[in-house]
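Student: Could you have a look at this structure, given as C-alpha coordinates, before my questions?
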Amino acid sequence: MMFSKKLLAVLALLPGFAFANEGSFALDRAPERTDIASLQNGAKLFVNYCLNCHSASSMRYNRLRDLGLSEDQIKNNLLFSGEKVGDLMTIAMRPADAKAWFGAVPPDLSVITRARASGAGSGPDYIYTYLRTFYKDDARPTGWNNMVVPNVAMPHAMWQLQGVRTVKMTEQPDPHEPGKTIHKFAGFEQVAPGTMSAVEFDTATADLVAYLSWMAEPAQGTRKKLGAIVLIFLSIFAFLAWRLNESYWKDVK
(Lines give C-alpha, C1' and ligand atoms only; values in the text may rest on other atoms or scores of the structure.)
Protein backbone atom coordinates (compact mmCIF):
# COMPACT_ATOMS: atom_id res chain seq x y z
CA MET A 1 0.00 0.00 0.00
CA MET A 2 2.80 2.43 0.92
CA PHE A 3 4.63 1.63 -2.33
CA SER A 4 1.45 2.27 -4.33
CA LYS A 5 0.98 5.65 -2.67
CA LYS A 6 4.61 6.55 -3.33
CA LEU A 7 4.31 5.49 -6.97
CA LEU A 8 1.21 7.64 -7.43
CA ALA A 9 3.01 10.58 -5.87
CA VAL A 10 5.94 10.09 -8.23
CA LEU A 11 3.69 9.95 -11.28
CA ALA A 12 1.86 13.07 -10.17
CA LEU A 13 5.11 15.04 -10.36
CA LEU A 14 6.01 14.02 -13.88
CA PRO A 15 4.12 16.58 -15.96
CA GLY A 16 5.44 19.54 -14.03
CA PHE A 17 9.03 20.06 -15.10
CA ALA A 18 11.07 19.12 -18.12
CA PHE A 19 8.55 16.93 -19.86
CA ALA A 20 5.63 19.29 -20.31
CA ASN A 21 4.49 20.71 -23.63
CA GLU A 22 5.97 17.92 -25.74
CA GLY A 23 6.43 18.59 -29.42
CA SER A 24 6.14 16.14 -32.27
CA PHE A 25 9.87 15.56 -32.79
CA ALA A 26 10.57 12.02 -34.03
CA LEU A 27 12.10 9.80 -31.34
CA ASP A 28 15.33 7.88 -31.89
CA ARG A 29 15.46 4.29 -30.76
CA ALA A 30 17.44 3.93 -27.55
CA PRO A 31 20.19 1.29 -27.75
CA GLU A 32 19.59 -1.70 -25.49
CA ARG A 33 22.46 -1.84 -23.02
CA THR A 34 22.19 -4.37 -20.21
CA ASP A 35 25.84 -5.15 -19.46
CA ILE A 36 27.13 -4.29 -15.99
CA ALA A 37 29.77 -1.83 -17.24
CA SER A 38 27.15 0.27 -19.05
CA LEU A 39 24.80 0.25 -16.06
CA GLN A 40 27.63 1.24 -13.70
CA ASN A 41 28.60 4.12 -15.99
CA GLY A 42 24.94 5.13 -16.20
CA ALA A 43 24.71 5.16 -12.40
CA LYS A 44 27.77 7.42 -12.22
CA LEU A 45 26.27 9.82 -14.78
CA PHE A 46 22.96 9.83 -12.94
CA VAL A 47 24.55 10.74 -9.61
CA ASN A 48 26.79 13.41 -11.16
CA TYR A 49 24.37 15.08 -13.57
CA CYS A 50 20.79 14.23 -12.55
CA LEU A 51 20.75 13.83 -8.79
CA ASN A 52 21.49 17.51 -8.18
CA CYS A 53 17.93 18.51 -9.13
CA HIS A 54 16.03 15.24 -9.58
CA SER A 55 15.49 12.73 -6.83
CA ALA A 56 14.85 9.00 -7.09
CA SER A 57 12.91 8.54 -3.87
CA SER A 58 12.06 4.87 -4.54
CA MET A 59 15.73 3.89 -4.88
CA ARG A 60 18.42 3.33 -2.25
CA TYR A 61 22.15 3.66 -2.89
CA ASN A 62 22.81 0.19 -1.51
CA ARG A 63 20.69 -1.32 -4.29
CA LEU A 64 23.61 -0.50 -6.58
CA ARG A 65 25.28 -3.57 -5.13
CA ASP A 66 23.12 -5.45 -7.65
CA LEU A 67 25.29 -3.79 -10.32
CA GLY A 68 28.47 -5.28 -8.86
CA LEU A 69 29.47 -2.27 -6.76
CA SER A 70 30.71 -2.78 -3.22
CA GLU A 71 29.63 -0.54 -0.36
CA ASP A 72 33.09 1.08 -0.36
CA GLN A 73 32.84 1.82 -4.09
CA ILE A 74 29.39 3.34 -3.61
CA LYS A 75 30.57 5.38 -0.64
CA ASN A 76 33.78 6.62 -2.28
CA ASN A 77 32.47 7.29 -5.78
CA LEU A 78 28.76 8.06 -5.56
CA LEU A 79 28.17 9.73 -2.19
CA PHE A 80 29.26 13.35 -1.96
CA SER A 81 27.14 15.06 0.72
CA GLY A 82 27.39 12.85 3.75
CA GLU A 83 24.67 10.40 2.70
CA LYS A 84 24.75 6.83 3.99
CA VAL A 85 24.81 3.79 1.73
CA GLY A 86 21.36 2.78 2.94
CA ASP A 87 19.78 6.18 2.27
CA LEU A 88 17.21 6.92 -0.42
CA MET A 89 18.35 8.89 -3.47
CA THR A 90 16.80 12.18 -2.45
CA ILE A 91 17.99 15.76 -2.92
CA ALA A 92 18.40 18.69 -0.57
CA MET A 93 16.71 21.22 -2.87
CA ARG A 94 13.35 22.31 -1.50
CA PRO A 95 10.34 22.20 -3.86
CA ALA A 96 9.66 25.90 -3.20
CA ASP A 97 13.20 26.80 -4.30
CA ALA A 98 12.91 24.63 -7.40
CA LYS A 99 9.64 26.33 -8.29
CA ALA A 100 11.24 29.75 -7.94
CA TRP A 101 14.39 28.87 -9.90
CA PHE A 102 12.96 26.72 -12.71
CA GLY A 103 9.27 27.59 -12.71
CA ALA A 104 8.36 23.98 -11.87
CA VAL A 105 9.44 21.21 -9.52
CA PRO A 106 11.81 18.67 -11.13
CA PRO A 107 10.07 15.29 -11.34
CA ASP A 108 11.22 12.25 -9.42
CA LEU A 109 13.05 9.93 -11.84
CA SER A 110 12.40 6.59 -10.11
CA VAL A 111 10.07 5.33 -12.86
CA ILE A 112 10.55 7.99 -15.52
CA THR A 113 11.31 5.53 -18.33
CA ARG A 114 7.98 3.81 -17.73
CA ALA A 115 6.03 7.03 -17.34
CA ARG A 116 7.23 8.46 -20.68
CA ALA A 117 6.20 5.51 -22.86
CA SER A 118 3.69 6.45 -25.56
CA GLY A 119 2.58 5.61 -29.05
CA ALA A 120 5.55 7.58 -30.40
CA GLY A 121 8.04 5.25 -28.74
CA SER A 122 9.14 3.65 -25.51
CA GLY A 123 10.11 5.56 -22.40
CA PRO A 124 13.83 4.92 -23.02
CA ASP A 125 13.39 6.20 -26.61
CA TYR A 126 11.86 9.39 -25.27
CA ILE A 127 14.55 10.05 -22.64
CA TYR A 128 17.38 9.11 -25.03
CA THR A 129 16.16 11.53 -27.69
CA TYR A 130 15.34 14.25 -25.18
CA LEU A 131 18.81 14.25 -23.60
CA ARG A 132 20.49 14.47 -27.02
CA THR A 133 18.45 17.31 -28.52
CA PHE A 134 19.31 20.30 -26.35
CA TYR A 135 20.49 23.41 -28.16
CA LYS A 136 21.57 26.93 -27.25
CA ASP A 137 18.71 29.42 -27.17
CA ASP A 138 19.45 32.81 -25.61
CA ALA A 139 15.75 33.66 -25.63
CA ARG A 140 15.10 31.07 -22.91
CA PRO A 141 15.66 31.86 -19.19
CA THR A 142 18.17 29.00 -18.85
CA GLY A 143 19.83 29.69 -22.20
CA TRP A 144 18.81 26.27 -23.51
CA ASN A 145 15.94 24.76 -25.45
CA ASN A 146 15.03 21.28 -26.60
CA MET A 147 13.55 19.76 -29.74
CA VAL A 148 11.52 17.08 -27.94
CA VAL A 149 10.16 19.50 -25.32
CA PRO A 150 9.95 23.02 -26.82
CA ASN A 151 10.49 25.82 -24.30
CA VAL A 152 11.75 23.32 -21.75
CA ALA A 153 12.34 24.55 -18.19
CA MET A 154 15.33 22.28 -17.65
CA PRO A 155 18.83 23.49 -18.58
CA HIS A 156 21.24 21.22 -20.44
CA ALA A 157 22.88 19.45 -17.50
CA MET A 158 25.45 17.62 -19.67
CA TRP A 159 26.41 20.48 -21.98
CA GLN A 160 30.08 20.25 -21.00
CA LEU A 161 30.13 16.70 -22.32
CA GLN A 162 28.21 17.38 -25.53
CA GLY A 163 29.41 20.94 -26.15
CA VAL A 164 27.30 23.84 -27.37
CA ARG A 165 25.03 23.40 -30.38
CA THR A 166 22.57 25.61 -32.16
CA VAL A 167 19.63 24.47 -34.24
CA LYS A 168 19.30 24.98 -37.99
CA MET A 169 15.84 25.66 -39.38
CA THR A 170 14.60 26.05 -42.95
CA GLU A 171 11.53 27.88 -44.21
CA GLN A 172 9.03 25.87 -46.20
CA PRO A 173 5.55 26.64 -47.58
CA ASP A 174 2.77 25.83 -45.16
CA PRO A 175 0.78 22.97 -46.77
CA HIS A 176 -2.34 24.02 -44.87
CA GLU A 177 -2.24 27.78 -45.41
CA PRO A 178 -1.07 28.96 -48.85
CA GLY A 179 1.11 32.04 -48.75
CA LYS A 180 2.52 31.27 -45.33
CA THR A 181 5.77 29.57 -44.42
CA ILE A 182 6.71 27.27 -41.58
CA HIS A 183 10.07 26.58 -39.96
CA LYS A 184 11.30 23.01 -40.18
CA PHE A 185 14.16 21.41 -38.29
CA ALA A 186 17.25 20.94 -40.47
CA GLY A 187 19.80 19.67 -37.98
CA PHE A 188 22.20 20.91 -35.33
CA GLU A 189 25.35 22.96 -35.72
CA GLN A 190 28.22 22.45 -33.28
CA VAL A 191 29.54 25.87 -32.20
CA ALA A 192 31.74 24.76 -29.28
CA PRO A 193 33.18 21.27 -28.70
CA GLY A 194 32.49 19.24 -25.60
CA THR A 195 34.75 16.86 -23.74
CA MET A 196 33.19 13.98 -25.68
CA SER A 197 32.76 13.31 -29.36
CA ALA A 198 29.24 12.91 -30.74
CA VAL A 199 29.57 9.10 -30.67
CA GLU A 200 30.94 9.12 -27.12
CA PHE A 201 28.12 11.36 -25.93
CA ASP A 202 25.49 9.15 -27.54
CA THR A 203 27.08 6.12 -25.85
CA ALA A 204 27.14 7.87 -22.47
CA THR A 205 23.50 8.91 -22.89
CA ALA A 206 22.56 5.34 -23.78
CA ASP A 207 24.28 4.17 -20.57
CA LEU A 208 22.37 6.75 -18.52
CA VAL A 209 19.05 5.73 -20.08
CA ALA A 210 19.88 2.07 -19.48
CA TYR A 211 20.46 2.83 -15.80
CA LEU A 212 17.17 4.76 -15.58
CA SER A 213 15.40 1.75 -17.10
CA TRP A 214 17.10 -0.58 -14.64
CA MET A 215 16.25 1.73 -11.72
CA ALA A 216 12.55 1.65 -12.64
CA GLU A 217 12.62 -2.10 -11.86
CA PRO A 218 15.93 -3.33 -10.41
CA ALA A 219 14.58 -6.87 -10.15
CA GLN A 220 13.58 -7.11 -13.80
CA GLY A 221 16.51 -9.40 -14.62
CA THR A 222 15.51 -11.81 -11.88
CA ARG A 223 11.85 -11.54 -12.92
CA LYS A 224 12.68 -12.50 -16.50
CA LYS A 225 14.84 -15.44 -15.43
CA LEU A 226 12.13 -16.71 -13.08
CA GLY A 227 9.55 -16.24 -15.82
CA ALA A 228 11.57 -18.45 -18.18
CA ILE A 229 11.98 -21.10 -15.48
CA VAL A 230 8.24 -21.05 -14.71
CA LEU A 231 7.32 -21.40 -18.38
CA ILE A 232 9.70 -24.35 -18.79
CA PHE A 233 8.24 -26.00 -15.68
CA LEU A 234 4.66 -25.48 -16.88
CA SER A 235 5.56 -26.93 -20.29
CA ILE A 236 7.05 -30.04 -18.71
CA PHE A 237 4.12 -30.34 -16.31
CA ALA A 238 1.61 -29.98 -19.16
CA PHE A 239 3.40 -32.70 -21.16
CA LEU A 240 3.42 -35.09 -18.17
CA ALA A 241 -0.25 -34.35 -17.46
CA TRP A 242 -1.13 -35.07 -21.08
CA ARG A 243 0.76 -38.39 -21.06
CA LEU A 244 -0.82 -39.34 -17.73
CA ASN A 245 -4.26 -38.58 -19.12
CA GLU A 246 -3.56 -40.70 -22.18
CA SER A 247 -2.38 -43.59 -20.01
CA TYR A 248 -5.35 -43.33 -17.64
CA TRP A 249 -8.01 -43.38 -20.37
CA LYS A 250 -6.38 -45.78 -22.84
CA ASP A 251 -8.43 -48.82 -21.67
CA VAL A 252 -11.68 -46.89 -21.35
CA LYS A 253 -14.02 -47.44 -24.28
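Student: Using only DSSP helix segments of four residues or longer, with each worth -39500 (n - 2.57), what per-residue ellipticity at 222 nm results for the chain after dividing by its residue count and rounding to 500?
Tutor: -12500 deg cm²/dmol
Student: Assign unit charges at the C-beta atoms only (+1 for Lys and Arg, -1 for Asp and Glu), then state the dipole size of the chain relative to its Cα centre in Debye, rounded to the nearest 20.
Tutor: Once rounded to the nearest 20, the dipole reads 740 debye.
Student: Sequence-distant or interchain residues sharing an amide H contact under 5 Å with Ile182, placed H: which?
Tutor: Gln172, Asp174
Student: Let me ask another. Quick check: net charge around Tyr128, other residues with Cβ under 9 Å of its Cβ, Lys/Arg +1 and Asp/Glu -1?
Tutor: -1
Student: Just subtract the alpha-carbon distance of Phe80 and Ala238 from 0.36 nm times their residue separation and send over the number in nm, one decimal.
Tutor: This chain segment gains 51.5 nm when fully extended.
Student: Given the peptides 229-240, 28-39, 97-108, arrange them by the average over their residues of other C-beta atoms within 10 Å, most packed first.
Tutor: Highest mean packing first, the order is 97-108, 28-39, 229-240.
Student: If r is the Cβ-Cβ distance from Thr34 to Gln172 and R0 is 41 Å, what FRET efficiency results, to the nearest 0.05?
Tutor: 0.50
Student: Could you work out the mean projected area of the convex hull around the alpha carbons of the stretch 119-253, in square nanometres to one decimal?
Tutor: 16.4
Student: Counting only protein chains, not ligands or nucleic acids, how are Glu83, Glu177 ordered by accessible area (probe 1.4 Å), most first? Don't skip to the end; give the middle numbers.
Tutor: Details: Glu83 55, Glu177 85 Å².
The ordering from most to least exposed comes out as Glu177, Glu83.
Student: For a Förster distance of 25 Å, can you work out the FRET efficiency between the beta-carbons of Val199 and Ala120, rounded to the nearest 0.05?
Tutor: Values: r = 25 Å, r/R0 = 0.99.
With a Förster radius of 25 Å, E is 0.50.
Student: Another question, then. Cβ under 14 Å from Asp72's Cβ, Asp72 left aside: what net charge do those residues give with Lys, Arg +1 and Asp, Glu -1?
Tutor: For residues surrounding Asp72, the net value is +2.
Student: Moving to a separate point now. Let's test this: bin the Cα-Cα distances of the stretch 165-242 at 10 Å from zero up to the farthest pair and state each bin's percent.
Tutor: 14, 18, 17, 18, 15, 11, 7, 0
Student: Moving to a separate point now. Between Ala219 and Met93, 0.36 nm times their residue separation minus their Cα-Cα distance comes to what?
Tutor: Full extension of this stretch gives 42.5 nm more.
Student: Per residue, how much accessible area does the chain have with a 1.4 Å probe, in Å²?
Tutor: About 60 Å² of surface per residue is accessible.
Student: Wrap a convex hull around the Cα atoms of the chain, take a quarter of its surface area, and give that in square nanometres.
Tutor: Mean projected area of the Cα convex hull: 22.4 nm².
Student: Shifting gears a bit: Run the numbers for Arg65 and Val230: contour at 0.36 nm per residue of separation, minus the present Cα-Cα distance, in nm. Provide the component values of the computation, followed by the final result.
Tutor: On the way: separation 165, 0.36 × 165 = 59.40 nm, distance 2.62 nm.
Contour length minus the Cα-Cα distance gives 56.8 nm.
The values are calculated or read from the model by the stated rules, or taken from the named source; none is laboratory data. From a predicted model like this one, the values you see are computed outputs, not experimental measurements. Positions of Cβ are backbone-derived with ideal geometry, glycine not excepted, and every protein chain shown enters the neighbour counts. What goes into the accessible areas is simple: the full protein's heavy atoms, side chains included, and nothing from ligands, DNA or RNA. Shrake-Rupley method; radii C 1.70, N 1.55, O 1.52, S 1.80 Å.
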